[in-house]
Amino acid sequence: MLTKVFGSAVFGVEATTITVEVNIDKGVGYHLVGLPDNAIKESNYRIAAGLKNNGYKVPGKKITINMAPADLRKEGSAYDLTLALGILTASGQIKSENLERYVIMGEMSLDGSIQPIKGALPIAIKAKEEGFLGFILPMENAKEAAIVDGLKVYGVENIGEVIEFFDSGTPLEETVIDTQAEFYKNLDFPEFDFSDVKGQESIKRCMEIAAAGGHNIILIGPPGAGKTMLAKRLPSILPPMTLNEALETTKIHSVVGKIKNMGLMNQRPFRSPHHTISDVALVGGGAYPQPGEISLSHNGVLFLDELPEFKRGVLEVMRQPLEDREVTISRARFTVTYPSSFMLVASMNPSPGGYFNDPDAPVTSSPAEMQRYLGKISGPLLDRIDIHIEVTPVPFEKLSEDRKGESSVDIRKRVTAARALQTQRFLESENVHYNAQMNTKQIRKHCQMDDSSKELLKNAMDRLNLSARAYDRILKVARTIADLENVTEVNGNHIGEAIQYRSLDREGWLG
């Protein structure tokens, strides 16, 4: 008897429906075809034990299973439940009247319990697109899949529940989520708040500008100056995610299995990989491509602490994603693309010893050591960082104050207003949404200067030995400062402040 059951495979952040055809005939054997990986080939052992422990069995006949499309590689243990139901139906142990109306996925334990899977959200989106009535999956993934409106989602804990549902009509409990309510839940309560930061007013101002324009930023300062503490609070002042951004972000985290027992992600992600990370782990890839840290930071912040300690090759592979805001990974048979629109926040010590430019600390690094240390950051990578700011230690008087600083919620209001101006400005530009994304033509159009501003910028570049690459960056940042003030034209004050945020272009840093 021939039976069809439907599962799904995830490539990149999109799903493809897989038709599992099970045929049972005279003879003996178990044949699984359609490019399954080893985890799927081993499923017959898990299925046999799981069925036996629930009062069913794998028939001692010739079982042929085809996973179509047959030229598409399938991976993972999430097809266990799909294959088990196909075998039970094809062998006549349960009815199959409604089997083809559902997408069914789940890993089976030997006792028949159903373990969580990866990629439940993109699978649910695809199931709805293709007109399936429902999606049966592990209970831990049910909330995640239930974000998709118009699709019945049933979370199960044991294969016995699924068998009863199809064979006896015993209803399963549908998981229902109010997507709008889930999205707005705890939206205005960030984990870290700028009100906790003592002093550092100039740095907080700089972070506000970076958030308002989507500018990449690097913090330079000695150990203990507060670089990490400031970076962790940056997501709290970024504009709240839109519903579309929340769905995009949740899909990526779903693919790597990080949304267990959760619904919609409504807080911007903050990722902080260790400096020993490999280029594949950072950008994504592998034999079976998976998103890397830069894609997990999509719509959020990627924080690289102690930037010069990262391998140079690892940093260099970030250059294209920073420019294109997506990562394309090519393999012999397929190509996958992961979105990677994130804000880069990097931090570094000013020297190997950590205390360069500190008048109260002894100089412990020679000029040659300084050059080697700072030379780990390439010019092309630095070209993609708009703001460089020096962070100095907070004096005791400031640390011991009881007065709290301005809250993240108040700062976020100004940032959101500035972003709204930019959204309106770039309404007709498909790939530009905020100032940091402007190309040369748009900079000339939206950052026009009067003669006095031009003279100020020219003098600054000459006197401070600023590089040519700093010119466009200063104009972008100045445009953001003007937006925060709700001013149409860029003036000398905006240019003057933006010039301060190019520390690494000055003589004495990178030469």
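The values are calculated or read from the model by the stated rules, or taken from the named source; none is laboratory data. All values reported here derive from a predicted model rather than from experimental measurement. In this analysis, Cβ positions are derived from the backbone assuming ideal geometry, glycine residues included, and neighbour counts consider all displayed protein chains. What goes into the accessible areas is simple: the full protein's heavy atoms, side chains included, and nothing from ligands, DNA or RNA. Shrake-Rupley method; radii C 1.70, N 1.55, O 1.52, S 1.80 Å.
Only protein heavy atoms count here; under a 1.4 Å probe, Glu497 has an accessible surface of about 30 Å². Over region 243-394, what is the percentage of antiparallel beta bridges among all DSSP beta bridges, to the nearest 5? About 55 percent, rounded to the nearest 5.
Rolling a 1.4 Å probe over the protein heavy atoms of the chain, with every protein chain left in place, gives an accessible area that is 49 percent carbon and sulfur. On a per residue basis, region 106-172 carries 37 Å² of accessible surface, using protein heavy atoms and a 1.4 Å probe. Direction-averaged projected area, Cα convex hull, region 182-253: 5.9 nm², rounded to one decimal. Both numbers refer to the Cα atoms of region 111-220; Rg and Dmax are 21.8, 68 Å.
Using the Cβ of Glu100 as centre and a radius below 14 Å, the other residues enclosed give a net charge of 0, where K and R count +1 and D and E count -1. Only protein heavy atoms count here; under a 1.4 Å probe, His31 has an accessible surface of about 80 Å².
When each of the peptides 170-176, 235-241 is scored by the mean number of other C-beta atoms lying within 10 Å of its residues, the order from highest to lowest reads 235-241, 170-176.
Would you mind classifying region 427-468 by shape? Square roots of the alpha carbon gyration tensor eigenvalues, ordered a ≥ b ≥ c; an a/c under 1.5 is rounded, otherwise it is prolate if a/b is larger than b/c and oblate if not. It comes out prolate by the Cα gyration axes. Averaging the sequence gap over all C-alpha pairs within less than 8 Å and six or more residues apart, then dividing by the number of residues, gives region 271-345 a relative contact order of 36 percent.
Compared with the alpha-carbon gap, the fully stretched path from Thr328 to Glu401 is longer by 21.3 nm at 0.36 nm per residue. Out of every Cα-Cα pair that region 54-111 contains, those further apart than 18 angstrom amount to 41 percent. Accessible surface of Glu130, taken over heavy atoms with a 1.4 Å probe and every protein chain present, rounds to 90 Å². Calculated accessible area for region 1-103 comes out at 45 Å² per residue, all protein chains present (probe 1.4 Å; ligands, DNA, RNA ignored). Residue-wise HN-Hα couplings along region 272-286, as the Karplus relation 6.51 cos²θ - 1.76 cosθ + 1.60 with θ = phi - 60° gives them from phi, are 9, x, 6, 5, 8, 4, 8, 5, 5, 5, 7, 8, x, x, x Hz; Gly and Pro carry x. Shape analysis of region 230-274 based on the Cα gyration tensor places the equivalent ellipsoid semi-axes at 19, 15, 8 Å, largest first. Local charge for Phe166 was computed over the other residues whose Cβ lies under 9 Å away, with Lys and Arg +1 and Asp and Glu -1, and equals -2. Taking label points 7 Å from Cα along the Cα-to-Cβ direction, Leu427 and Glu201 give a separation of 3.8 nm.
The sum of -39500 (n - 2.57) across all DSSP H runs of n ≥ 4, divided by the residue count of the chain, sets its helix-only mean residue ellipticity at 222 nm to -10000 deg cm²/dmol.
With every protein chain in place and a 1.4 angstrom probe, the accessible-area ranking of Met1, Met207, largest first, reads Met1, Met207.
When only C-alpha pairs under 8 Å and at least 6 residues apart count, what is the relative contact order of region 400-511, in percent? Computed value for region 400-511: 28 percent relative contact order. Full extension of the chain between Glu316 and His274 yields a length gain of 13.5 nm, computed as 0.36 nm times the residue separation minus the alpha carbon distance.
The accessible-area ordering, largest first, of the residues Asp149, Asp386, Asp279 stands as Asp149, Asp279, Asp386, per a 1.4 angstrom probe. Radius of gyration over Kirkwood radius for region 67-154, both on Cα atoms: the Rg/Rh ratio is 0.95.
With both partners inside the chain, how many of the DSSP beta bridges are antiparallel, as a percent to the nearest 5? The antiparallel fraction comes to roughly 50 percent.
Which distance in Å, rounded to a whole number, links the C-alpha centroids of region 295-334 and region 82-97? Value for the Cα centre distance between the two parts: 45 Å.
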